[in-house]
Amino acid sequence: MDTVRLAAFADLHLGRKKAPGVRWAREVLIDAAARGADVVIFTGDLLDKKKATEKDLRDAVELFRFITRELALPLVHVWGNHDVGSGFIPHFPALEGVHRPEGGGVEKLEVPGIPLIFHAANVIADPDPRPTLRELPAVSGAGHVGVLHTEVEGVYTKNPCLPTTTSHLLSRGYSACLMGHVHSPVVLNEDPWVGWIGMGEILELEVPAT
Ligand SMILES: [Mn+2]
């Protein structure tokens, strides 16, 4: 494979009334899979910290199983501040085909059959003002993708969340940097793509393989 097709979504906030919901997610992901997606990315805030219930947790697990079993696509994701605030992370099972960082630092994730290297970090507190993303490794060569739930330069100053800057992200040399936390779609840089996917949006992006 020379390129890899990503299908990315963010900030599902299950439990929140006006959030798009699991049915929406299934529909857009079915379409993305039909268009040839190789891997699904979710950039955090699966569950709403104020509204999510046990039922939403079950729906979230079912959605991830749908992606990995029915669509037969691997999933890479990180936890966002709302996931932490929901209290459900300790109850979320390990699922085959689902790849996420295990701790609170920057971790490198590799997915069998997908020629990319993911650089990802979980949010571990709400708020989470740690300067952790300074540790994102700089790389040379294609096929590196950042998967983050973050603010950039204080766009979301009310709730500090793994703060970083556009120039730092661009200096890492990644082929794309996909973010959650800001709910409107915002593109900070077109090529390589750096930005927030937004709530209720699906981003389909082709990136060069390693
Ligand atoms: Mn969010």
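Observations
- Count - residues of the stretch 7-26 that are away from the ligand (no atom under 14 Å from the Cβ) and buried (at least 20 other Cβ atoms within 10 Å of the Cβ): 3
- Considering the conditions (1) within 16 Å of the ligand (Cβ to nearest atom); (2) small (Gly, Ala, Ser); (3) buried (at least 24 other Cβ atoms within 10 Å of the Cβ), Ala120 is excluded by exactly one of them, (1).
Residue-by-condition table, conditions (1) under 24 Å from Cys161 (Cβ atoms); (2) surrounded by fewer than 16 Cβ atoms within 10 Å (Cβ to Cβ):
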{"site": "Thr43", "(1), (2)": "yes, no"}
{"site": "Asp48", "(1), (2)": "yes, no"}
{"site": "Lys51", "(1), (2)": "yes, yes"}
{"site": "Lys55", "(1), (2)": "no, yes"}
{"site": "Leu71", "(1), (2)": "no, no"}
{"site": "Val78", "(1), (2)": "yes, no"}
{"site": "Gly87", "(1), (2)": "yes, yes"}
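- Of the candidates Val61, Val4, the single residue that is under 18 Å from the mean Cα position of the chain (by Cα) and either within 12 Å of the ligand (Cβ to nearest atom) or crowded, with 21+ Cβ neighbours inside 10 Å (or both) is Val4.
- Test set (1) in a loop (DSSP other than H, G, I, E, B); (2) within 13 Å of the ligand (Cβ to nearest atom); (3) farther than 25 Å from Ala34 by Cβ; (4) modelled with pLDDT of 95 or more - Tyr156 fails condition number: (4)
- Summed over the stretch 159-210, the residues that are buried (at least 17 other Cβ atoms within 10 Å of the Cβ), part of a strand (DSSP E or B) and in contact with a helix residue (DSSP H, G or I) (Cβ under 6 Å, 6 or more places away or on another chain) give a count of 5.
- Residue within the stretch 142-150 that is within 16 Å of the ligand (Cβ to nearest atom), hydroxyl-bearing (Ser, Thr, Tyr) and part of a loop (DSSP other than H, G, I, E, B) present: yes
- Count - residues of the stretch 159-193 that are away from the ligand (no atom under 16 Å from the Cβ), hydrophobic (A, V, I, L, M, F, W, C) and free of Cβ contacts under 8 Å to residues at least 40 places away in the same chain: 6
The values are calculated or read from the model by the stated rules, or taken from the named source; none is laboratory data. Here the structure is a predicted model, which means the values were calculated and not measured. Positions of Cβ are generated from backbone atoms using ideal geometry, with glycine treated the same way; all protein chains shown enter the neighbour counts.
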